[in-house]
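Q: Got a structure for you, questions after.
Only the coordinates and a few stated rules stand behind these numbers; no lab work does. Remember, predicted model here, so these are calculated numbers, not experimental data. Every residue, glycine as well, gets a Cβ built from its backbone with ideal geometry; the counts of neighbours run over all protein chains shown.
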Amino acid sequence: MRVLVIEDDRKVASFIQTGLQQEGYAVDAMHDGNSAGDQAGAMDYDAVVLDLMLPGRSGFQVLRDIRARKPSLPVLILTAKDSLDERVAGLDAGADDYMAKPFALAELSARLRALLRRGAPRESVLRVADLEMDTIRRLVRRGGTLIELKPKEYALLEFLMRNTDRPLTRSLIIEHVWDVHFDSISNVVEVHINSLRNKIDRGFGVPLIHTVRGVGYMLTDSPS
């Protein structure tokens with residue numbers, strides 16, 4: 001899952017970014033409204049966390065920009081203004097949810113998960129052969145055996161499972177699982193793929209994670 005955080009307070013933005021990254025999200029952060037709408041429209045984000053009080057274009061203007069390009073993209077407004085009029089204005093402008101500062105990261109994360117479930121239809125339980133992922137409880141099993149995954153391993157496996165039988169390039173994996181500032185020269189994709197293979201495939205007979213020569217990787221139970 002990839003989230004865009006638009007927040008002018010860099011400490012708050014960093015707090016959100018770090019917390020969500022620890023849960024396995026890929027998170028990009030912006031600190032003004034001038035190009036935030038273009039960023040949200042150009043990249044394939046699953047959700048946006050948007051502050052209303054931004055330098056440059058206001059949060060309301062950014063929200064209108066986002067809605068013009070991506071009407072169904074979940075947007076959670078995060079702001080110090082918590083009056084009834086402000087909440088109504090934010091929701092009327094097209095926000096999907098509204099949180100006032102100060103806030104608890106656990107609640108922000110829970111609200112994001114709720115928005116993602118409420119948005120575009122997404123299966124809550126993914127299955128490929130005897131591999132099963134419960135995306136609500138964040139549990140992974142193969143052949144009934146519970147498999148412990150680190151946050152980025154989980155995020156990578158979810159992306160692979162949501163694109164079963166589709167060859168995924170290394171750059172596409174980086175775009176969806178890591179943030180926009182990630183060092184594309186790093187071999188972190190290969191490291192995480194190898195780690196997943198050790199946990200998902202080793203000892204289970206039929207391998208599910210395959211290397212597609214010259215392309216990248218694919219998760220499938222019926223390689224050609």
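Q: From the list (1) 28, 18, 16; (2) 30, 22, 14; (3) 35, 18, 15, can you say which value of semi-axes √(5λ) of the Cα gyration tensor in Å was derived from the structure given?
A: Only one listed value fits the structure, namely (3).
Q: Using only alpha carbon positions, build the gyration tensor of segment 2-118, then give the equivalent ellipsoid semi-axes as the square roots of 5 times its eigenvalues, largest first, whole angstrom.
A: Over the Cα atoms of segment 2-118, the ellipsoid semi-axes are 18, 16, 15 Å.
Q: Per DSSP H run of n ≥ 4, the term is -39500 (n - 2.57); total these for the chain, divide by its residue number, and report the mean residue ellipticity at 222 nm rounded to 500 deg cm²/dmol.
A: Counting only the DSSP helices, I get -11000 deg cm²/dmol.
Q: Follow-up. Can you list the HN-Hα couplings for segment 133-149, worked out from phi with the Karplus curve (6.51, -1.76, 1.60; θ = phi - 60°), rounded to whole Hz and with x for Gly and Pro?
A: Whole-Hz 3J(HN,Hα) from phi for segment 133-149: 10, 9, 6, 7, 8, 6, 10, 10, 9, 10, x, x, 8, 5, 10, 7, 10.
Q: Between D92 and Q22, what is the spin-label point distance in nm, taking each point 7 Å from the Cα along the Cα→C-beta axis?
A: Spacing of the two 7 Å Cα→Cβ label points: 3.9 nm.
Q: Which lysines, on any chain, are close to K11 with Cα under 27 Å apart, when same-chain ones fewer than 8 places away are left out?
A: Reachable lysines: K81, K101, K150, K152.
Q: For every other residue with a beta carbon closer than 12 angstrom to the beta carbon of L91, add +1 if it is Lys or Arg and -1 if Asp or Glu, then tell me the sum.
A: Every neighbour counted, the sum reads -4.
Q: Using amide H atoms built 1.01 Å from N in the peptide plane, name the residues 5+ places from I77, or on other chains, whose amide H lies under 5 Å from its own.
A: L50, D96, D97, Y98, M99
Q: How much net charge surrounds G24 when only the other residues with a Cβ under 10 Å from the Cβ of G24 are counted, with Lys and Arg +1 and Asp and Glu -1?
A: 0
Q: For segment 1-136, give the share of DSSP beta bridges that are antiparallel, in percent and rounded to the nearest 5; count only bridges with both residues there.
A: So the antiparallel bridges in segment 1-136 amount to around 20 percent.
Q: Within a Cβ distance under 12 Å of L76, other residues only, what is the Lys/Arg minus Asp/Glu net charge?
A: -3
Q: Under a Cβ-only charge scheme (Lys and Arg +1, Asp and Glu -1), can you give me the dipole magnitude of the chain about the Cα centre, in debye to the nearest 20?
A: Dipole about the Cα centre, nearest 20: 540 debye.
Q: Can you give me the long-range amide H partners of R57? Hydrogens built in the peptide plane at 1.01 Å from N, cutoff under 5 Å, separation of 5 or more residues or another chain.
A: G33, N34
Q: What does the highest-first list of 148-159, 132-143 look like by mean Cβ count within 10 Å?
A: Per-residue mean Cβ counts within 10 Å order the peptides as 148-159, 132-143.
Q: Working out 0.36 nm times the residue gap between D201 and D165, then minus their Cα-Cα distance, what length gain in nm do you get to one decimal? Spell out each step's value before the answer.
A: Details: separation 36, 0.36 × 36 = 12.96 nm, distance 1.63 nm.
Once the chain is fully extended between D201 and D165, it gains 11.3 nm.
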